[in-house]
Amino acid sequence: MTEQGAAEKILSTIDLRMVCVYQYRMEILEKLDSKQLKPHWLPLYSGELACGLFGISEDFIESYLSLDEKFMKNKESTFFVRAGGDSMSPEIKPSDILIIDRSIKPIHSSIVAIFFNGSAICKQLLLTGTSRALHSINPKYPDIQITESDEVQVFGVVIGLARDFN
Amino acid sequence: MNKVIALIDCNSFYCSCERLFRPDLRNKPVIVLSNNDGCAIARTKEAKELGIKMGAPYFKIKNFCEQNNVAVFSTNFSLYTNISERVMQTLIRNSPEVELYSIDEAFLNLTGVADPELFSRELRSKVLRNIGIPTGVGVAPTKVLCKVANHFAKRSDKAGGVVSLMSEKLQTIALSRLPIEDVWGVGRQNSIKMKSLGIKTALDLRDYKNEHLVRRMFSVIGLKIKHELMGINCFEFNEPIKNKKEIMCSRTFSGVINEKKALKEAISNYISNAALKLRQQNSLCHKVTVFFRTNPFNNSEQSYVYGEEKLVNPTCNTLKLIKVAESLIDLKYQEGYEYKKAGAKLSGFTGQDEFQVNFLDDTDTEEEMNLMRCMDKINYLEGDQTLKSLSCGTDDKAWRMNRRFKSPRYTTSWNELYTFD
């Protein structure tokens with residue numbers, strides 16, 4: 001007798017509700033088997049189970065943790081760009097992948113990807129009183145005060161980064 | 001209750017995508033060229049103001065563009081489709097009901113929304129901030145009136161990108177200012193006929209008394225357009241998309257082709273493209289057509305070759321279709337000509353589940369279908385042409401498309417990400 005056949009036989013003698021739970025479980029396992037690597041939400045049965053055989057594995061059936069889920073709160077407005085210079089070192093190193101969410105409003109101390117007078121730079125935004133400045137974390141670079149004559153366009157707020165150690 | 005529909009449309013979409021990572025091009029003229037850098041297919045407002053026409057051949061405007069600092073781009077479809085997807089998902093996520101209409105426009109059903117105009121303004125600024133693409137929104141009771149509203153949303157400075165034509169009074173004013181040829185679906189030919197009836201503006205068509213005549217001269221569609229202008233819904237929301245009746249793929253070569261092998265490779269590629277589209281709409285085709293011709297602008301001897309074959313059993317299998325196309329080329333190819341353009345066409349479609357089986361010939365087996373599905377999936381995930389028939393060739397120099405001004409694939413390739421210093 002197959003595993004499923006055996007289980008169904010046991011269950012049929014116990015409780016109809018349990019059969020439903022079991023079948024649902026099978027569906028979930030099939031989903032995992034088919035290697036759907038997309039992050040998906042698996043609802044779990046939360047009622048009490050009378051049968052020990054099927055109660056123990058409840059905790060196993062949770063999806064993999066997903067970096068997309070963690071860092072892409074707004075998929076449509078999330079862009080990846082690459083870091084170039086060392087002005088934000090040691091926080092940001094050249095060739096790091098910067099995760100930018102354009103839906104987030106830049107505030108004081110946000111790290112922003114910004115177009116400034118024709119160059120594309122990554123800086124920390126300092127907003128104190130009426131003064132606006134672009135701060136480099138690397139002390140080698142002085143802060144840049146933003147004046148009215150500057151051409152400024154924020155591309156987006158940097159919400160995280162990915163670094164490949166290889 | 002009266003319907004409320006909005007049409008949201010990205011401003012010069014391809015150009016706006018190119019501007020996303022090129023802030024220096026803000027307020028500057030930008031154009032995007034068609035496949036093979038043939039002619040201008042997208043222009044910013046600034047480029048239109050310079051007088052660059054839609055479809056202008058690039059070789060004719062090349063010097064003009066250089067003199068006037070017009071930024072010129074080849075098509076970068078991986079960028080455009082990615083940005084389009086972002087815009088559409090934002091619309092879907094934020095509106096009650098969406099009908100995706102094309103790569104850069106969508107209808108929204110705003111019936112029941114408290115303040116449709118305010119809703120549109122907020123949605124518009126969300127798309128602008130979150131993705132960086134400027135849009136125009138037209139709000140009205142019917143789709144054709146939406147198009148009219150959208151027309152003015154894009155052209156009026158004080159509209160702020162949104163025009164609402166919900167009242168008849170506003171509709172009358174707007175329609176009186178809209179030339180008949182700019183009405184959605186009318187077209188150039190029909191607009192000439194309409195003018196002969198004294199219909200010069202959209203308002204003239206709306207108020208035209210003789211509906212029989214409109215119907216007789218411009219078919220049911222013409223009458224529907226008139227009714228839509230009157231505020232009567234004729235084009236339903238989310239009408240099912242009709243499958244295509246034929247699929248064609250053709251290109252002009254950057255050089256010339258004067259050997260059979262290269263021509264076969266080129267046409268195999270066109271067949272592959274067309275067969276993919278065929279499978280996407282779940283159709284099978286009964287007929288394969290190939291054609292190739294010399295350059296009609298040259299004085300040399302001309303050749304125009306056209307061949308078609310009917311299939312006993314319909315198929316959507318790329319490999320079988322290529323075989324048919326190759327045998328047609330073998331049959332029709334003429335030595336000694338320099339071919340400049342070639343193409344392939346698939347036609348005679350039936351649905352995948354409604355054709356009659358002929359037992360003498362081989363129909364597509366489940367195995368073949370799986371192979372096609374697998375190939376399409378790999379090519380979707382890894383990029384076009386990752387997996388292809390060897391008939392398509394390994395060296396595409398001879399017939400490769402010109403894309404001299406292509407921007408990087410900023411959003412779809414890890415190796416081509418934009419750099420912030």
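The values are calculated or read from the model by the stated rules, or taken from the named source; none is laboratory data. Small disclaimer: the values here were computed from a predicted structure and weren't measured. Please note: Cβ atoms are built from the backbone with ideal geometry, for glycine as well, and neighbour counts cover all protein chains shown.
One table, with the values for the structure above:
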{"quantity": "Only one of B:214, B:162 that is more than 30 Å from residue A:105 (Cβ to Cβ), away from chain A (no Cβ under 14 Å) and in contact (Cβ under 8 Å) with a residue 12 or more places away in the chain", "calculated": "B:214"}
{"quantity": "Which listed residue, of B:69, B:76, is out of contact with any Ser or Thr (no Cβ under 8 Å at 6 or more places or on another chain), more than 14 Å from chain A (Cβ to nearest Cβ) and either of a type outside the set (Asp, Glu) or under 24 Å from residue A:77 (Cβ atoms) (or both)", "calculated": "B:69"}
{"quantity": "Region B:53-95: number of residues that are among the basic types (Lys, Arg) and crowded, with 21+ Cβ neighbours inside 10 Å", "calculated": "1"}
{"quantity": "Some residue of region A:80-94 being farther than 28 Å from residue B:126 by Cα, touching a residue at least 40 places away in the same chain (Cβ under 8 Å) and β-branched (Val, Ile, Thr)", "calculated": "yes"}
{"quantity": "Breaking point among (1) loosely packed, with under 14 Cβ neighbours inside 10 Å; (2) under 22 Å from the mean Cα position of the chain (by Cα); (3) at the interface with chain B (Cβ under 10 Å from one of its Cβ atoms), for residue A:79", "calculated": "(1)"}
{"quantity": "Matching residues, region B:11-40, being among the polar types (S, T, N, Q) and within 15 Å of residue B:405 (Cα to Cα)", "calculated": "B:34, B:35, B:36"}
{"quantity": "Residue match in region A:139-151 (condition: closer than 27 Å to residue B:416 by Cβ and away from every other protein chain (no Cβ under 13 Å))", "calculated": "no"}
{"quantity": "Any hit, region A:59-70, residues being over 30 Å from residue B:91 (Cα atoms), outside any loop (DSSP other than H, G, I, E, B) and more than 13 Å from chain B (Cβ to nearest Cβ)", "calculated": "yes"}
{"quantity": "Region B:114-164, residues that are basic (Lys, Arg) and either in a strand (DSSP E or B) or under 22 Å from residue B:3 (Cβ atoms) (or both)", "calculated": "B:121, B:124, B:143, B:147"}
{"quantity": "Test set (1) more than 14 Å from chain A (Cβ to nearest Cβ); (2) closer than 30 Å to residue B:380 by Cβ; (3) of a type in the set (A, V, I, L, M) - residue B:98 fails condition number", "calculated": "(1)"}
{"quantity": "Residues being within 21 Å of residue B:170 (Cβ to Cβ) and assigned to a loop (DSSP other than H, G, I, E, B) - total across region B:223-238", "calculated": "6"}
{"quantity": "Close pairs from region A:148-166: first more than 16 Å from residue B:421 (Cβ to Cβ), partner among the aliphatic types (A, V, I, L, M), Cβ under 6 Å, at least 6 apart", "calculated": "A:157/A:104; A:157/A:112; A:159/A:99; A:160/A:99; A:162/A:97"}
{"quantity": "Count of residues meeting criterion [without any contact (Cβ under 8 Å) to a residue 60 or more places away in the chain, part of a loop (DSSP other than H, G, I, E, B) and closer than 30 Å to residue B:116 by Cβ] in region B:165-198", "calculated": "8"}
{"quantity": "Looking only at region B:103-131, and only at residues there that are touching a residue at least 60 places away in the same chain (Cβ under 8 Å), surrounded by fewer than 21 Cβ atoms within 10 Å (Cβ to Cβ) and over 17 Å from residue B:149 (Cβ atoms), the one that is nearest to the other protein chains (Cβ to nearest Cβ)", "calculated": "B:103"}
{"quantity": "Verdict on residue B:147 being touching a Phe, Trp or Tyr at 6+ places or on another chain (Cβ under 6 Å) and surrounded by 16 or more Cβ atoms within 10 Å (Cβ to Cβ)", "calculated": "yes"}
{"quantity": "Members of region A:89-137 that are of a type in the set (S, T, N, Q), within 27 Å of the chain's Cα centre (by Cα) and away from chain B (no Cβ under 11 Å)", "calculated": "A:89, A:109, A:110, A:124"}
{"quantity": "Region A:123-152, subset among the polar types (S, T, N, Q) and surrounded by fewer than 16 Cβ atoms within 10 Å (Cβ to Cβ), residue farthest from residue A:83 (Cα to Cα)", "calculated": "A:130"}
{"quantity": "All strands (runs of 3 or more DSSP E) inside region B:1-101 with 2 or more residues being over 15 Å from the mean Cα position of the chain (by Cα), closer than 30 Å to residue A:118 by Cβ and in contact (Cβ under 8 Å) with a residue 40 or more places away in the chain", "calculated": "B:30-33, B:71-73"}
{"quantity": "Only one of B:414, B:399 that is modelled with pLDDT of 85 or more, among the aromatic types (Phe, Trp, Tyr) and either over 30 Å from residue A:138 (Cβ atoms) or not assigned by TED's automatic domain parsing to the domain that holds residue B:330 (or both)", "calculated": "B:414"}
